[in-house]
Amino acid sequence: MSAELKGGITTGSCAALAAKAAALLLFRHERVEQVEIALPDGSRLMWPVASLEQSNDTAEASIIKDAGDDPDVTHGARIRVRLTRRDDHNVMFRAGHGVGTVTVPGLALAVGEAAINPVPRTMITAAIREVTDHGVMVTVAVDGGEELAAKTFNPKLGIEGGISIIGTSGRVRPFSAPALQQSLKCALDICVASATTAPVFVPGNMGRNAALRAFHLKAQQVVEVSNEWGYMLEQAQAHPFTALLMLGHPGKLAKLAMGQWNTHSGQSDSAVPFVADLAHQVVHHSLADTTTVEGVFMEQLTAPQRRRVADRLAEAIQRNTAETFPATWLPQVVLINLKGDILGSAGDLQPWLRHLEEESL
């Protein structure tokens with residue numbers, strides 16, 4: 001039996017802990033080694049304080065983020081909160097170094113706001129109010145936050161300059177699928193807010209780069225879905241798109257034709273047998289054994305055969321997706337190889353090709 005995975009705390013909890021420690025120093029002149037805050041579920045969290053500094057009407061505290069066994073890029077990061085007295089009773093927020101700023105509409109925060117999400121803002125305010133009702137400016141910073149942000153969804157979500165201060169429960173649950181889904185939904189929300197009517201769903205960077213090369217697209221029009229195809233297609237059903245394109249490698253997308261909507265290798269079967277069997281049906285000759293879908297296409301088939309097999313596979317993906325996730329739009333499909341070259345497609349690609357035609361006029 002495997003050991004139970006260790007949980008951790010969110011960046012939102014870190015900021016709230018640091019805010020309370022700074023408030024205790026600024027308003028009560030207390031230098032605490034540990035600090036306690038309330039979490040959204042009503043439970044309490046006690047955590048060690050990493051550092052404290054005070055200067056006139058300002059105090060700063062820091063907390064070291066512990067993500068437990070979750071593969072979180074912010075694990076071990078130092079979250080700093082500086083409080084500065086205001087001449088009113090308001091709690092205001094500002095992004096310090098390493099915390100991002102929202103630059104596009106569609107997120108829970110307005111453009112120009114510090115990327116400190118609503119629940120963490122509520123937690124920070126509550127933590128400060130346990131100490132004082134005085135007004136403060138809260139500046140949240142993260143050491144190395146700009147470098148960490150490059151490893152997150154933030155650049156693709158239009159959050160620039162650093163990481164986001166996030167968390168809805170205050171605690172990190174290892175390998176949280178809901179956390180990933182929430183990030184993916186944010187990307188879809190931005191797509192919708194940008195007035196996109198024909199989004200392009202891709203698994204990741206390879207698909208994104210291929211889509212941007214093949215079609216003239218707005219950055220917000222391309223939505224990465226990772227392995228969460230079922231979740232994201234379900235979310236897409238609620239929006240009045242006129243068209244939707246699914247673009248990716250057949251090693252991933254073939255699983256959709258198999259009815260497997262989470263394409264993670266740990267959650268789905270290999271697509272190799274399915275693709276090899278389909279190729280055999282199309283080209284009418286046996287194929288040698290191979291361990292990859294790329295091998296089926298690039299090593300076992302001629303260029304004309306690749307196109308025929310890829311088109312047939314794309315049609316199967318399109319058909320099963322449309323039956324499983326009925327919507328006002330029919331999903332179109334483009335399959336690419338590992339170099340990003342188009343192998344085949346199904347459906348009408350005019351909604352995306354039209355942009356290319358308009359550019360050439």
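Take LYS156 and decide whether it is assigned to a loop (DSSP other than H, G, I, E, B) and basic (Lys, Arg).
On the way: assigned to a loop (DSSP other than H, G, I, E, B): no; basic (Lys, Arg): yes.
Here the answer is no, as LYS156 does not meet what is asked.
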Item to check | Residue that is farthest from GLY230 (Cα to Cα) [pool: residues in the range 259-303 that are touching a residue at least 12 places away in the same chain (Cβ under 8 Å), among the hydrophobic types (A, V, I, L, M, F, W, C) and open to solvent by 60 Å² or more (accessible area, probe 1.4 Å)] | outcome: ALA288
Checklist entry - Which condition does THR74 not pass, out of (1) open to solvent by less than 30 Å² (accessible area, probe 1.4 Å); (2) part of a loop (DSSP other than H, G, I, E, B); (3) within 17 Å of ALA127 (Cβ to Cβ), if it passes all the others? => result (3)
Checklist outcome for this item: Subset of the range 56-67, residues surrounded by fewer than 17 Cβ atoms within 10 Å (Cβ to Cβ) and under 20 Å from the mean Cα position of the chain (by Cα), comes to none
Next on the checklist: For the range 118-151, give me each residue that is surrounded by fewer than 20 Cβ atoms within 10 Å (Cβ to Cβ) and charged (D, E, K, R).
Outcome noted: ARG129, GLU130, ASP133, ASP143, GLU146, GLU147, LYS151
Item to check | Residue count for the range 85-109, restricted to those that are open to solvent by less than 60 Å² (accessible area, probe 1.4 Å), over 21 Å from GLY135 (Cα atoms) and assigned to a loop (DSSP other than H, G, I, E, B) | outcome: 6
Checklist entry - In the range 192-207, is there at least one residue being out of contact with any helix residue (DSSP H, G or I) (no Cβ under 8 Å at 6 or more places or on another chain), assigned to a helix (DSSP H, G or I) and crowded, with 22+ Cβ neighbours inside 10 Å? => result yes
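Within the range 217-225, identify whether any single residue is basic (Lys, Arg), assigned to a loop (DSSP other than H, G, I, E, B) and modelled with pLDDT under 95, and answer yes or no. Break it down stepwise before answering.
Keep residues of the range 217-225 that are basic (Lys, Arg), which gives 218.
Subset that is assigned to a loop (DSSP other than H, G, I, E, B): 218.
Add one more test, that the residue is modelled with pLDDT under 95, and what stays is 218.
Yes, the range 217-225 has at least one match.
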Next on the checklist: Pairs please, first residue from the range 44-60 and in contact (Cβ under 8 Å) with a residue 60 or more places away in the chain and farther than 14 Å from ARG31 by Cβ, second anywhere and open to solvent by 30 Å² or more (accessible area, probe 1.4 Å) and assigned to a strand (DSSP E or B), Cβ atoms under 9 Å, 6+ apart in sequence or on different chains.
Outcome noted: LEU45/GLU36; LEU45/ALA38; LEU45/ARG171
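If we scan the range 103-122, do we find a residue that is polar (S, T, N, Q) and under 14 Å from ALA18 (Cβ atoms)? I'd like the intermediate steps shown before the answer.
Within the range 103-122, the subset polar (S, T, N, Q) is 103, 117, 122.
Add one more test, that the residue is under 14 Å from ALA18 (Cβ atoms), and what stays is none.
Within the range 103-122 (the criterion being polar (S, T, N, Q) and under 14 Å from ALA18 (Cβ atoms)), the answer is no, since none of the residues qualifies.
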Next on the checklist: Based on this model, can you work out whether ALA211 counts as open to solvent by less than 20 Å² (accessible area, probe 1.4 Å), in a helix (DSSP H, G or I) and more than 16 Å from THR321 (Cα to Cα)?
Outcome noted: yes
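Give the residues of the range 56-110 that are of a type in the set (A, V, I, L, M) and at pLDDT 95 or above, sorted by residue number. Even if it seems obvious, please write down each step before you answer.
Here is the first cut: in the range 56-110, the residues of a type in the set (A, V, I, L, M) are 59, 61, 63-64, 67, 73, 77, 79, 81, 83, 91-92, 95, 99, 102, 104, 107-110.
Across the range 56-110, the qualifying residues are ALA59, ALA61, ILE63, ILE64, ALA77, ILE79, VAL81, LEU83, VAL91, MET92, ALA95, VAL99.
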Next on the checklist: When you check ARG82 against the structure, is it open to solvent by 30 Å² or more (accessible area, probe 1.4 Å), closer than 30 Å to LEU188 by Cα, of a type in the set (Lys, Arg) and outside any loop (DSSP other than H, G, I, E, B), yes or no?
Outcome noted: no
Checklist entry - Across the range 226-258, which residue is most open to solvent (accessible area, probe 1.4 Å) among those that are farther than 12 Å from PRO203 by Cα and part of a loop (DSSP other than H, G, I, E, B)? => result PRO240
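Among what's in the range 113-132 and is closer than 20 Å to THR11 by Cα, outside any helix (DSSP H, G or I) and modelled with pLDDT of 95 or more, pick the residue that is farthest from the chain's Cα centre (by Cα).
Initially, the range 113-132 is screened for residues closer than 20 Å to THR11 by Cα, giving 113-130.
Imposing the further condition that a residue be outside any helix (DSSP H, G or I) reduces the set to 113-117, 130.
Now narrow it down to the ones that are modelled with pLDDT of 95 or more: 113-116, 130.
Details: GLU113: 19, ALA114: 18, ALA115: 14, ILE116: 16, GLU130: 33 Å.
So the residue we want is GLU130.
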Next on the checklist: Yes or no: the range 47-55 includes at least one residue that is buried (at least 17 other Cβ atoms within 10 Å of the Cβ), out of contact with any helix residue (DSSP H, G or I) (no Cβ under 6 Å at 6 or more places or on another chain) and not in a loop (DSSP other than H, G, I, E, B).
Outcome noted: no
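Here are VAL293, VAL333: which of them is more than 20 Å from VAL200 (Cα to Cα), in contact with a helix residue (DSSP H, G or I) (Cβ under 7 Å, 6 or more places away or on another chain) and of a type outside the set (Asp, Glu)? Outline the logic, then answer.
Numbers: VAL333 fails: more than 20 Å from VAL200 (Cα to Cα).
Only one candidate passes the filter, namely VAL293.
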Next on the checklist: Of all residues being within 16 Å of ALA254 (Cα to Cα) and hydrophobic (A, V, I, L, M, F, W, C) in the range 326-354, which is surrounded by the fewest Cβ atoms within 10 Å (Cβ to Cβ)? Just the residue, please.
Outcome noted: LEU338
Next on the checklist: It is to be established whether one or more residues within the range 310-332 are within 24 Å of VAL222 (Cα to Cα), assigned to a strand (DSSP E or B) and touching a residue at least 40 places away in the same chain (Cβ under 8 Å).
Outcome noted: yes
Item to check | the range 159-184, subset assigned to a strand (DSSP E or B) and in contact (Cβ under 8 Å) with a residue 60 or more places away in the chain, residue nearest to ILE37 (Cα to Cα) | outcome: ARG171
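The values are calculated or read from the model by the stated rules, or taken from the named source; none is laboratory data. The model shown is predicted, which means the values in this text are computed figures rather than measured ones. When we count neighbours, we look across all protein chains shown, and the Cβ atoms used for this are built from the backbone with ideal geometry, even at glycine. Accessible surface is based on the protein model in full, side chains and every heavy atom, while ligands, DNA and RNA are left aside. Shrake-Rupley method; radii C 1.70, N 1.55, O 1.52, S 1.80 Å.
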